[in-house]
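Below: one structure, written as structure tokens.
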Amino acid sequence: MADVLQLTVVPPPLPKSWSPQPPPAKSLSPLVDRKLIAAGPAYLAHVRRAVHNLSFEEHDKHVEEERKRLQELNGDGVGEDDLGVGEEEESPELSLLDPKEWKKQDHYAVLGLSRLRYRATPAQIKVAHRKKVLKHHPDKKAGVAGDSNDDAFFKCIQKAMDVLTNPEKRRQFDSVDPHYESLEEDVPTATEISKAKDPNRAFFEQFSPVFEREARFSRVQPVPLLGEYSDTKAQVEGFYDFWYNFDSWRSFEYLDKEVNEGSDNRDDKRYTEKKNKTERARRKKEDTARLRGIVDLALSVDPRIKRIKQEEKEARDAKKKGKSSSGPSKAELEEQKKRAEEEAKQKEEADKLAKADAKKAKAAAANAAKKARRAARDQEAPAS
């Protein structure tokens, strides 16, 4: 333990010319108790050590690991997390973009967000924009040979930022994102699934990405995805019920034709607006039919449907077999009762017919006897 040395501090004597200050003309304000809040890097480091029960050496080790992680993310050693945006290689086609044709450009690719796309957060969009501005600002390219079109690309960057930071414009662009439009036709066919080496596995591997892409348009979240082969009947029915009643926010305003520049003709504007409205409705109808076709196709080749039907059939057979072994069922008892009633009715009718026949035979015999007696009397009369 370290030795503690106490030093006595003796203040110097007051000078002879010292005199106390006169009281102020105004009264002093009353004392106020103020609460000091601990803050600062040192205090935060102390809290981390206390909460996680770390020694100074362990804390320093964690700080160094975090610094290295941030340096690897940024690649420049700045020490600021780029939120996972990273660095994306720019294709040569990007430098040839025409800012006047901004509706044809892929805004995510322009900002280097091709990997994230609709999943990119506003903070990530800002980080990506800052990186592109630092790299392609016209002031940085001034006087550099071979960069005559960099000003145009910088305008494309600014337009991409304008679209993706506006929620309404971004939703319109996400509805017609060229990256996903190129994948919309990539839907497996029934033949591809049935002829696969493992049809069950092929179904889930090929249809899962399709439904994941379409799920981004749902107004209702979360969206039930394809699931697994072992899903219950309720889960499968819930999945198809959701997708057959899919509520999509997808719209097609982004593809509207613009009114001719410099045209103040009211009729031209009305005609263009009417045509755009008709085209949006047509595209919406076609998109709904396209999604319905995907769901119909998935339902027709879903191996879970066949499995569920087989399980239900086996359950019915087992139930029927169990009832037959334990005794006649209610339906069988009713059938036996009905059969007995019919037999009793038939027997009763036969008895009635037999009685009627016996009565007729008795009457016939009586008549015959009567006739015989009468004939005998007639023969005896002359002889007397």
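The values are calculated or read from the model by the stated rules, or taken from the named source; none is laboratory data. Because the structure is predicted, anything quoted here is derived from the model rather than measured. Please note: Cβ atoms are built from the backbone with ideal geometry, for glycine as well, and neighbour counts cover all protein chains shown.
What are the residues in segment 313-359 that are modelled with pLDDT under 85, within 30 Å of Lys233 (Cα to Cα) and surrounded by 10 or more Cβ atoms within 10 Å (Cβ to Cβ), if any?
Answer for segment 313-359, where residues must be modelled with pLDDT under 85, within 30 Å of Lys233 (Cα to Cα) and surrounded by 10 or more Cβ atoms within 10 Å (Cβ to Cβ): Lys319, Lys320, Lys321, Lys323, Ser324, Ser329.
Looking at Val210, Val223, which is the one that is surrounded by 16 or more Cβ atoms within 10 Å (Cβ to Cβ) and outside any loop (DSSP other than H, G, I, E, B)?
So the residue among Val210, Val223 that is surrounded by 16 or more Cβ atoms within 10 Å (Cβ to Cβ) and outside any loop (DSSP other than H, G, I, E, B) is Val210.
Failed condition for Leu14, given (1) modelled with pLDDT under 85; (2) more than 27 Å from Thr121 (Cα to Cα); (3) part of a helix (DSSP H, G or I), with all others met?
So Leu14 meets the others, but not (3).
Suppose the filter is under 24 Å from the mean Cα position of the chain (by Cα), part of a helix (DSSP H, G or I) and of a type outside the set (A, V, I, L, M); does Arg290 pass it?
Spelling it out, Arg290 is indeed under 24 Å from the mean Cα position of the chain (by Cα), part of a helix (DSSP H, G or I) and of a type outside the set (A, V, I, L, M).
Of the numbered conditions (1) at pLDDT 90 or above; (2) in a helix (DSSP H, G or I), Asp139 satisfies every one except a single condition; which is it?
Among (1) at pLDDT 90 or above; (2) in a helix (DSSP H, G or I), Asp139 violates only (1).
Report the residue count in segment 266-312 for those that are of a type in the set (Lys, Arg) and surrounded by 13 or more Cβ atoms within 10 Å (Cβ to Cβ).
Going through segment 266-312 one residue at a time, the tally reaches 8.
Restricting attention to segment 184-234, report how many residues are without any contact (Cβ under 8 Å) to a residue 40 or more places away in the chain and in contact with a Pro (Cβ under 8 Å, 6 or more places away or on another chain).
Counting residues in segment 184-234 that are without any contact (Cβ under 8 Å) to a residue 40 or more places away in the chain and in contact with a Pro (Cβ under 8 Å, 6 or more places away or on another chain) gives 2.
Yes/no matrix, rows are residues, columns are (1) assigned by TED's automatic domain parsing to the domain that holds His107; (2) out of contact with any Phe, Trp or Tyr (no Cβ under 6 Å at 6 or more places or on another chain):
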position: Gln172; (1), (2): yes, no
position: Ala196; (1), (2): no, yes
position: Pro199; (1), (2): no, yes
position: Gln206; (1), (2): no, yes
position: Glu212; (1), (2): no, yes
position: Arg219; (1), (2): no, no
position: Glu228; (1), (2): no, yes
position: Thr232; (1), (2): no, yes
position: Tyr240; (1), (2): no, yes
